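Heads up, the thing below is written out as structure tokens.
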Amino acid sequence: MTVAPRPSATICVVYQAPAGIEVLMVRRSAKTRFMPGAWVFPGGIVDAEDHDPAVAAIITNVEHPVLLPWLAAAFRELVEETGIWLIDPPAISGADRSNVFRSAMDNGSVFPADRTAYFANWITPSMLPVRFDARFFLAAVDGAMESYPDGDEVDAAEFVNVEEALRRSAAGEWQVPFPTQRTLAQIAAFDSVDAAIDGWRSRPVISVQPRIRLDADGPFEVVMPGDPGFDDLTDGPVDPDALRAANRIAGDGVGRPAEVLVDED
């Protein structure tokens, strides 16, 4: 038996700087169960409030209405984790993050979606007991915005050049999960934020669900569709050893630790 993946959303906030694309990244606090200290993008679980019709009314210019709950979760989690409000008019204090949607309504603000693009869908391997169906969104802003990390889920946040983020990951200065690395590389492949928005809006999103190779002695790797050996593996039932192994392994640059594809928040 497998565990159904929980709907979740991730948001990559970017702006066009003279030296290239800058992206907002956050560091997971030591209080988190999975990947403490890892640098990721803001995001989390799609909650019941994200399905509220009243919330849908304040998220404007949505290209694909079926994605509204995920987009709502992305905007909400961004506020809760970093204090960054992508609203118009921008009249709410960044430090205020309680009751996100009610605060926006009371302020007469909306969350414009016309500068966002849905571009990726990662699904946690079936062997893990904690699984997520994560939709990734790109959101373009005019420049770096002041952040207020909540200190609970994240303890640091900064806008960083995508190439520099990849360098820090490769040098071991930052612990960056595999999907995050892949996303940074995809963003870096575009010449500009506008090109990324236009390019991803014109492409269909293909869901990606890796599989896990777990050896008898515990070591494992995450195998991507198209990788050698992927078709030889199966979407097996939950294996507690997979999660225990994921929490032991930091990654060696060859195998991909399964912990990179789970995020309890």
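The table below lists the values:
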item: For the chain, built as a Gaussian network whose Cα springs stay under 10 Å, the top-fluctuating residue of M35, M224, M127; result: M224
item: Over the chain, volume per residue of the alpha carbon convex hull, in Å³; result: 127 Å³
item: Separation in nanometres of the label points that stand 7 Å from Cα toward Cβ, at A91 and R6; result: 3.6 nm
item: ³J(HN,Hα) computed for each position of region 196-208 - Karplus, 6.51 cos²θ - 1.76 cosθ + 1.60, integer Hz, glycine/proline x; result: 5, 4, 5, x, 6, 5, 8, 10, x, 8, 9, 5, 10
item: Dipole moment magnitude, nearest 20 debye, region 7-52 about Cα centre, only Lys, Arg, Asp, Glu C-beta charged; result: 440 debye
item: Gain upon complete extension [A156, D231; 0.36 nm per residue less C-alpha separation]; result: 23.1 nm
item: Under Karplus coefficients 6.51, -1.76 and 1.60, residue-wise ³J(HN,Hα) of region 12-22 in Hz, glycine/proline x; result: 9, 8, 10, 8, 8, 9, x, 8, x, 7, 9
item: Listed residues V3, A73, L184: farthest to the positive end of the dipole of the chain (Cβ charges); result: V3
item: Spin-label pair A17/S98, simplified geometry with 7 Å Cα→Cβ offset, distance in nm; result: 3.4 nm
item: Inter-label distance for E146 and S207, nm, one decimal - labels placed 7 Å from Cα along Cα-to-Cβ; result: 4.2 nm
item: Dipole axis of region 6-210 (+1 Lys, Arg; -1 Asp, Glu on Cβ), positive-most option in I84, N99, I197; result: I197
item: Dipole magnitude of the chain about its Cα centre (Cβ charges: Lys, Arg +1; Asp, Glu -1), debye to nearest 20; result: 280 debye
item: Helical contribution to [θ] at 222 nm, DSSP H n ≥ 4, -39,500 (n - 2.57), averaged over the chain, rounded to 500; result: -7000 deg cm²/dmol
item: Per-peptide average of other Cβ atoms within 10 Å, ordering 226-233, 130-137 highest first; result: 130-137, 226-233
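Rule-based calculations on the coordinates, nothing more; no lab input. Everything numeric here is computed off the predicted structure, so don't read it as measured data. Heads up, the Cβs are rebuilt from the backbone with ideal geometry, glycines too, and the neighbour counts pull from every protein chain shown.
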